[in-house]
Amino acid sequence: MNIVLLGGPGAGKGTLAANLLKHYKMQHFSTGDLLRAAVASGTEQGLAAKKFMDAGDLVPDEVIVGIMKERLSALDADSQGVILDGFPRTTAQAEALDSMLAELGQKVDLALLLDCPDQVVVDRICNRRTCGDCGFIGNLNWIPKEEWDSYVCPECGGEMTQRADDTEETVRNRLDVYKKQTAPLIDYYKNAEVLKDIDAAKDAETSLNLAREILGDFL
Ligand code: AMP
């Protein structure tokens, strides 16, 4: 069972993936997380990707496809499949993914579109905070204002920080990039008859429950 999570920035792909992993034995690959790790460790790949990420633009397809090829060639034999979060983001990436999976005798079984209005996304992203230790994704909207300065990770107590690209200006560009370059994948997966969508404008638990209803038909 291979799932692609589709949806604009802040739709909740990362949070949904983390929550699905509590229920299914699947492998999760987030190209955004992999790129941020490469930036943090100062690799050549990370340095090359950083300028695109800071501007909210897409990192070139060949870099991303190379990263995913490496991951997909070393899958755990005992997992129930993969959850791809933030990949593919262009038609060229979707075609490359189809070929990589075909080589393994597999395919994309479900493309789950997380639907969320722009205004909800902008508010969510500007208040998003991520744990530097365990990667937990939190939000200032979930806690009282008096606790904003002392926000620590509810899972591990680590420091909650703001992603470099989570500013309003960058978010607006990421929304534009999504509409121009990634939204065409909605039709791509509709044509492949694997597209389902969920209303992702509410809370994380609602998104999880809606996704689990759909996954129940597959797993
Ligand atoms: P994300 O964490 O998915 O929001 O990704 C953060 C940033 O990483 C994006 O704004 C892009 O600059 C870059 N990125 C992540 N995944 C991809 C991808 N599949 N293709 C191109 N760039 C990507």
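Data for the structure
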{"item": "Count - residues of region 5-22 that are in a helix (DSSP H, G or I) and within 11 Å of the ligand (Cβ to nearest atom)", "result": "3"}
{"item": "Some residue of region 155-174 being exposed (fewer than 12 other Cβ atoms within 10 Å of the Cβ) and hydroxyl-bearing (S, T, Y)", "result": "no"}
{"item": "Qualifying positions in region 177-188 - under 17 Å from the mean Cα position of the chain (by Cα) and either crowded, with 18+ Cβ neighbours inside 10 Å or farther than 19 Å from I3 by Cα (or both)", "result": "V177, Y178, K179, Q181, T182, L185"}
{"item": "Residues of region 196-217 classified as touching a residue at least 40 places away in the same chain (Cβ under 8 Å) and assigned to a loop (DSSP other than H, G, I, E, B), total", "result": "2"}
{"item": "Subset tally (residues that are near the ligand (Cβ under 7 Å from one of its atoms), in contact (Cβ under 8 Å) with a residue 60 or more places away in the chain and either part of a helix (DSSP H, G or I) or over 17 Å from the mean Cα position of the chain (by Cα) (or both)) for region 37-72", "result": "1"}
{"item": "Residue tally, condition on the phi < 0 side of the Ramachandran plot and surrounded by 16 or more Cβ atoms within 10 Å (Cβ to Cβ), over region 127-142", "result": "10"}
{"item": "All strands (runs of 3 or more DSSP E) inside region 77-195 with 1 or more residues being more than 16 Å from the ligand (Cβ to nearest atom) and either touching a Gly at 6+ places or on another chain (Cβ under 9 Å) or more than 29 Å from R212 (Cβ to Cβ) (or both)", "result": "110-115"}
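Values quoted throughout were computed directly from the atomic coordinates according to the rules given, and no laboratory measurement underlies them. Small disclaimer: the values here were computed from a predicted structure and weren't measured. Positions of Cβ are backbone-derived with ideal geometry, glycine not excepted, and every protein chain shown enters the neighbour counts.
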